[in-house]
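In what follows, a single structure is set out as structure tokens and then discussed.
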Amino acid sequence: MNLDYKEIGRRIAKRRKQLNLKQSTVEERADIGYKYLSSIECGISIPSTEVIMRLAIALDTTPDEFLVGASRQEGEEWKSAAQYLRGMSGKKLELAENFLQWLSEQDI
């Protein structure tokens with residue numbers, strides 16, 4: 001899997017702008033160097049995993065929002081459970097569906 005660092009940078013910039021934060025504020029929160037965020041957002045610098053994690057914390061999201069464009073937002077908790085279904089065989093998917101049907105019928 002090849003990562004598109006320009007797209008990762010765009011996602012980081014989009015999230016920062018959603019929160020109405022300046023680059024300098026995010027750099028300070030994430031404890032990264034001056035102008036480093038700008039070069040990440042432009043796709044010039046390739047951030048390490050640690051920097052991606054720091055930026056996710058600073059921008060109140062998860063790293064997957066930057067890496068693959070998916071994030072956990074209120075009302076979308078089911079998406080993290082759905083990830084487990086991706087690699088399952090037909091037999092396991094059938095079992096999971098039966099379990100979910102049973103679970104939905106329970107008064108918990």
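We did not get these values from a lab; they are worked out from the coordinates using the rules stated. The structure presented is a predicted model; accordingly, all values stated were derived computationally and were not measured. Here Cβ is always computed from backbone atoms with ideal geometry, including for glycine, and neighbour counts include all displayed protein chains.
Of note:
- For the chain, calculated [θ]222 nm from helices alone, where every DSSP H run of n ≥ 4 adds -39500 (n - 2.57): -16500 deg cm²/dmol
- Cβ-Cβ FRET estimate between ASP64 and PHE99, R0 fixed at 25 Å, reported to 0.05: 0.50
- Cross-link partners for LYS92 among the lysines, with Cα-Cα distance under 29 Å and sequence neighbours closer than 8 places in the same chain left out: LYS79.
- Listed residues LEU21, LEU85, LEU67, most fluctuating in the chain (Gaussian network, C-alpha, under 10 Å): LEU85
- Evaluating 6.51 cos²θ - 1.76 cosθ + 1.60 at θ = phi - 60° for every residue in region 25-36, the Karplus couplings come out as 5, 5, 4, 5, 4, 8, 6, 10, x, 4, 6, 5 Hz, glycine and proline recorded as x.
- Straight-distance candidates among the lysines for linking to LYS35, with alpha-carbon spacing under 21 Å and chain neighbours fewer than 8 residues away dropped: LYS6, LYS14, LYS17, LYS22.
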